[in-house]
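Just so you know, all these numbers are worked out from the coordinates, no wet-lab data involved. Treat the numbers as computed from the prediction; the structure is a model and nothing was measured. FYI the Cβ positions are ideal-geometry reconstructions off the backbone, even for glycines, and counts take in every protein chain you see.
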Amino acid sequence: MPKIPTVYLVGAGPGYPGLLTLRAAECLRQADLVLYDKLVSPWLLDFAPARAERRCVAELGPSHDERIVPIHETMIAAALAGKRVVRLKGGDPCIFGRGAEEAEVLAKAGIPFEIVPGVTAALGAAAFAGISLTHRACASAVAFVTGHENPNKPESMLDWHALARFPGTLVLYMGMSRIERIVASLLSEGKDPATPTAVVQNATLGIQRTLVTTLADLPRRTREEGFTAPALIIVGPVVARRDDLAWFERRPLFGRRVLVTRPRHQARGMIDRLIDLGAVPFLLPIVEVREPANWKPVDDAIHNLLAYDWLVFTSANGVHAFLGRLQQTGRDLRALGHLQLATIGPRTADTLREYRLTPDLVPTRYQSEDLAAALLTKIRPGQRVLLARADRGRDVLRQQLSVVCTVEQIAVYSQIDVIETDEEVMNALRRGEIEFVTLTSSNIAKGFLSQLDETCQQRIHLGEIKLVSISSVTSADIRTLGFPITAEATEATSDGVIDAVVGLVSTQSENTSTFSSPFRKQSDRMT
Ligand code: SAH
């Protein structure tokens, strides 16, 4: 009988992708099926190979209880069929996560399993809200408590009398729907009504919200301010010390919703940087990259490389596509030995370096005109230039260079419009839930703007959706279509676009403080 693959019960952490463990990432990278909880961040699913099947357990039943058996059956059936299963669960699989129940079922079915621990929500929330759960000055213990006892239990396993006297910090999971009862139980058992208490909702994500109040005021304040699950309640004097430690909520783009419109396979760098800056990223690829419709012109040029003096790349995609084809046709880097290499900007240059090639020319500004001007100072009359590029885009480079030399232009990849856009993201735009739209090329800008309905268009004109463009060329194209630009990158790279968003936000929020705590003295409030 063939060996049954191990099922991995993996903790995904509280949401921030960087909090995934190395072991979890390894398991995901070799998965055939990822069966994930609703609370798991969608960005984590990118660690699995594109071919892997991704199923959210929400598809398996309307409620928690109704999903239990189908989850077990799905894992077992997939493992018996020889698939490598990752059961991806929020936080740690065994902290209020029913991980043990799933492991027991696997054990009974004779299926090998491994439990991969994760950063539980309490640790993520505490770190990202700036709360040290066992600060030496005021807590020498911490208790993780469920606020949602299994209603089928004949009597609560929780001893509220003991919890009210617990000599340390209490962290309550799943407590939002029973917040009144929890607070009443603690108060009636003698817990001090003035005990500092925090609620951290959506901890570790850009949409994190934190409320700091007293235990007695907690139900009213959470109701008034609309706090909902998923959230943790943290009770204890450690909470009062958060103001100096709340680093995440001071990140430059904290809570800002930013749309990335690049092709999916190239979006990750921007998304990771946005997450790092505290933003809430959305992805709506407008174009995708494919093989060119016809390899013949590329193959002919590769066959004839000795006839050229310069090889010019105008995008990272072009570098990957050209060098990929070089290899596919049985050649290697030695075929380029006699060529001078030029790239339009630093990202394309970095992509060349990934192949151990060093560009001979990178202009100081990154538009076609700048590349043409820089090349014209180097190219000798009569030299031959090979331009490896997309099957569409501006013709400036060829036009300007062909005045002094022979230019051969080859489409090494094709750019196609994404026809089916993500309706969820479109709806977020319509509802005004996305503030910044990053437009990283003219094609993307045109494609994006052509897909907007009137509601979105109006939001742009009202300044509720702000367009941030990569360069003056892209800005000009956007203005020609009748839309305003809120900011333009100084450096024409995707990092430059994000810097422009940071610049906008820092001007908006100068002199405004984003939070304050009732336990903080007026005099040391941050400015
Ligand atoms: N196994 C998970 C907990 C599952 S129980 C873990 O170890 O974290 C689900 C509860 O966890 C939610 O009701 C909420 O109280 C808490 N939770 C999970 N993710 C959270 C987050 N990002 N922010 C705040 N609370 C979270």
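With the simple spin-label model, which puts each label point 7 Å out from Cα in the Cβ direction, the residue 6 to residue 187 separation comes to 5.0 nm. If both residues of a DSSP beta bridge must be in region 290-417, then about 5% of such bridges are antiparallel. Over all other residues within a Cβ to Cβ distance under 12 Å of residue 418, the charged ones net out to -1, with Lys and Arg as +1 and Asp and Glu as -1.
For residue 424 and residue 25 in one chain, what is 0.36 nm times their gap in residues minus the Cα-Cα distance, to one decimal in nm?
Computed gain between residue 424 and residue 25 is 141.0 nm.
The alpha carbon convex hull volume per residue for region 290-417 rounds to 99 Å³. Of the beta bridges in the chain, as assigned by DSSP with both residues counted there, near 30 percent are antiparallel. Taking a ≥ b ≥ c as the square roots of the eigenvalues of the Cα gyration tensor, region 7-119 is classed as rounded, since a/c falls below 1.5. Of the trypsin sites (Lys or Arg not before Pro) in region 360-423, the ones in a loop by DSSP (not H, G, I, E or B) with at most 15 other beta carbons within 10 Å are 392.
Seen from residue 325, the other residues with C-beta closer than 11 Å to its C-beta sum to a net charge of -1, counting Lys and Arg as +1 and Asp and Glu as -1. Model label points for residue 80 and residue 303, set 7 angstrom from Cα along the Cα-to-Cβ axis, are 5.6 nm apart. Estimated from helices alone, the mean residue ellipticity of the chain at 222 nm is -9500 deg cm²/dmol (sum of -39500 (n - 2.57) over DSSP H runs with n ≥ 4, per residue). Farthest towards the positive end of the charge dipole of region 7-119, among the residues 44, 69, 105, is the Cα of 44, using unit charges on the Cβ of Lys, Arg, Asp and Glu. With kT/(6 pi eta Rh) evaluated at 25 °C and eta = 0.890 mPa s, and Rh the Kirkwood radius from Cα pairs, region 123-246 diffuses with a coefficient of 170 µm²/s according to Stokes-Einstein. Distances between placed amide hydrogens fall under 5 Å for residue 471 paired with 489, all partners being 5 or more residues away or on another chain. Under the combined filter of DSSP loop state and at most 16 neighbouring Cβ atoms within 10 Å, region 413-494 retains these trypsin sites (Lys or Arg not before Pro): 431. Maximal additional length on extending the residue 450-residue 276 stretch stands at 59.6 nm, based on 0.36 nm per residue less the C-alpha distance. The local environment of residue 263, defined by Cβ-Cβ distances under 12 Å, has a net charge of +2 under the rule Lys, Arg +1 and Asp, Glu -1.
Modelled label positions at residue 108 and residue 65, each set 7 Å beyond Cα in the direction of Cβ, lie 1.8 nm from each other. Pairs to check: 38/89; 38/83; 296/446. Give those whose C-alpha atoms are more than 19 Å from each other in this structure. Table pairs above 19 Å Cα-Cα are 38/83; 296/446. The lysines whose alpha-carbon is closer than 29 Å to the alpha-carbon of residue 191, local same-chain residues fewer than 8 away aside, are 153, 521.
Only aspartates and glutamates eight or more places from residue 3 in sequence, or on another chain, were considered; those with a Cα closer than 20 Å are 32, 73, 104, 114.
Considering only alpha-carbon pairs that sit under 8 angstrom and 6 or more positions apart, the relative contact order computed for region 147-243 is 33 percent.
For region 64-171, the set of GluC sites (Glu not before Pro) satisfying both a DSSP loop assignment and a count of at most 12 other C-beta atoms within 10 Å is given as 155. Estimated translational diffusion coefficient (Stokes-Einstein, Kirkwood radius over Cα pairs, 10 °C, 1.306 mPa s) of region 218-295: 98 µm² per second. Restricting the calculation to Cα atoms, every distinct pair contributes to the Kirkwood radius of region 241-281, found to be 11.0 Å.
So if the hydrodynamic radius of the chain is defined as the Kirkwood radius over C-alpha pairs, what does Stokes-Einstein give as its diffusion coefficient at 20 °C and 1.002 mPa s, in µm² per second?
The calculation lands on 81 µm²/s.
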